[in-house]
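The values are calculated or read from the model by the stated rules, or taken from the named source; none is laboratory data. Bear in mind that the values here come from a model prediction, so they are computed numbers and not experimental data. Note: ideal-geometry Cβ built from the backbone for every residue, glycine included; neighbour counts use all protein chains shown. Side chains are part of the model used for accessible areas, which takes the heavy atoms of the whole protein and leaves out ligands, DNA and RNA. Shrake-Rupley method; radii C 1.70, N 1.55, O 1.52, S 1.80 Å.
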Amino acid sequence: MMSLLSAIAETLLWTFVGLIILYGALRLFDWITPTDYQGEIRRGNVAAAVLVGSFIVSLTAIIVAVIVT
């Protein structure tokens, strides 16, 4: 039972670490690029939404690969 709780705690910890890395990378992406992607998405710019979505998916794949290995 204790190993199950330990595994759950470790999973939650790594999830939290991954979310913090993803959030930081998104903020860095917003800071580096000259376009206000959040404003563009609010105005209905589909291309901006696709770009940010693909950035999130690719960065998530990298974070998962790093955490797993």
Give me the 1.4 Å probe accessible area per residue for the chain, excluding ligands and nucleic acids, in Å². 77 Å²
Of (1) 0.95; (2) 1.15; (3) 1.11, the label for Rg/Rh (Cα atoms, Kirkwood Rh) derived from the coordinates: (2)
Return one number: the angle in degrees, 0 to 90 and rounded to the nearest 10, between the long axis of the Cα atoms of helix 2-32 and the longest principal axis of the Cα atoms of the chain. 20 degrees
Taking the chain as the reference, fit the longest principal axis to its C-alpha atoms, fit the long axis of helix 46-68 to the helix C-alpha atoms, and give the angle between the two in degrees, 0 to 90, nearest 10. 20 degrees
Please report the net charge: other residues with Cβ closer than 13 Å to the Cβ of residue 37, K and R +1, D and E -1. 0
